[in-house]
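J.: Sharing a structure, written as structure tokens. Questions coming.
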Amino acid sequence: MNPRRNSAIDRSELARKSGPLGERIIDAIHKKMAGADDPFAGIPPIPRVAAPRKKRAKRDRETPVLHACLKWLHDRGIFCWRNNTGTAWIGEQPVSFGYTGSGDILGVLPGGRFLSVECKSPTGTQSGKQKEFEAKVAANGGVYILARSVEDLERWLR
């Protein structure tokens with residue numbers, strides 16, 4: 001019967017296999033154990049890399065406009081709701097929801113006309129799918145508003 005081999009990793013052997021830097025680390029550990037003042041003097045420092053700056057999402061700049069428009073519509077008794085679109089992952093399966101290109105706010109105006117409000121920052125632009133949706137709404141007698149502020153919404157719905 002063969003004695004079972006120890007499955008623990010021999011760190012010094014692993015360091016030797018990793019080349020010159022590994023050997024320098026072993027030497028530094030031995031110096032530290034011997035009481036040296038600066039055993040890691042010859043080992044290069046770990047490079048410090050700044051984390052990439054998180055890019056502010058486009059919708060974050062549009063969110064205040066969206067919330068203000070929703071409030072303005074609700075304050076006037078217009079039946080409307082926040083419309084989300086996108087893709088969520090359930091396990092490894094993507095699930096799409098919403099109609100691509102549809103407005104951020106959907107609703108029904110008094111009298112029954114369909115309302116779609118696309119909220120944009122002052123510099124935001126419509127995507128191709130949003131322009132297609134605007135054309136479909138207009139072709140079917142609905143109201144499509146591109147709002148960069150509550151004032152834009154007021155001008156259209158007076």
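The values are calculated or read from the model by the stated rules, or taken from the named source; none is laboratory data. Fair warning: this is a prediction, and the values are worked out from it, not measured in the lab. Here the Cβ is made from the backbone with ideal geometry for all residues, glycine too, and neighbour counts use every protein chain on show.
J.: Applying the selection to the range 48-79, what residues are modelled with pLDDT under 65 and either over 22 Å from the mean Cα position of the chain (by Cα) or among the charged types (D, E, K, R) (or both)?
T.: Passing the criteria: Lys55, Arg56, Lys58, Arg59.
J.: What number goes with the only condition from (1) at pLDDT 75 or above; (2) at negative phi that Lys17 does not pass?
T.: (1)
J.: Filter the range 108-158 down to the residues that are loosely packed, with under 13 Cβ neighbours inside 10 Å and hydrophobic (A, V, I, L, M, F, W, C), then identify the one that is nearest to Trp72 (Cα to Cα).
T.: Ala138
J.: If a residue counts only when it is more than 20 Å from the chain's Cα centre (by Cα), which strands (runs of 3 or more DSSP E) contained entirely in the range 86-158 have at least 3 such residues? Steps first, please.
T.: Working: elements: 86-90, 93-97, 105-108, 114-119, 143-147.
Output list reads 105-108, 114-119, 143-147.
J.: Read through the list (1) touching a Gly at 6+ places or on another chain (Cβ under 8 Å); (2) exposed (fewer than 14 other Cβ atoms within 10 Å of the Cβ); (3) not in a helix (DSSP H, G or I), then give the number of the only condition that Cys80 fails.
T.: For Cys80, the exception is condition (2).
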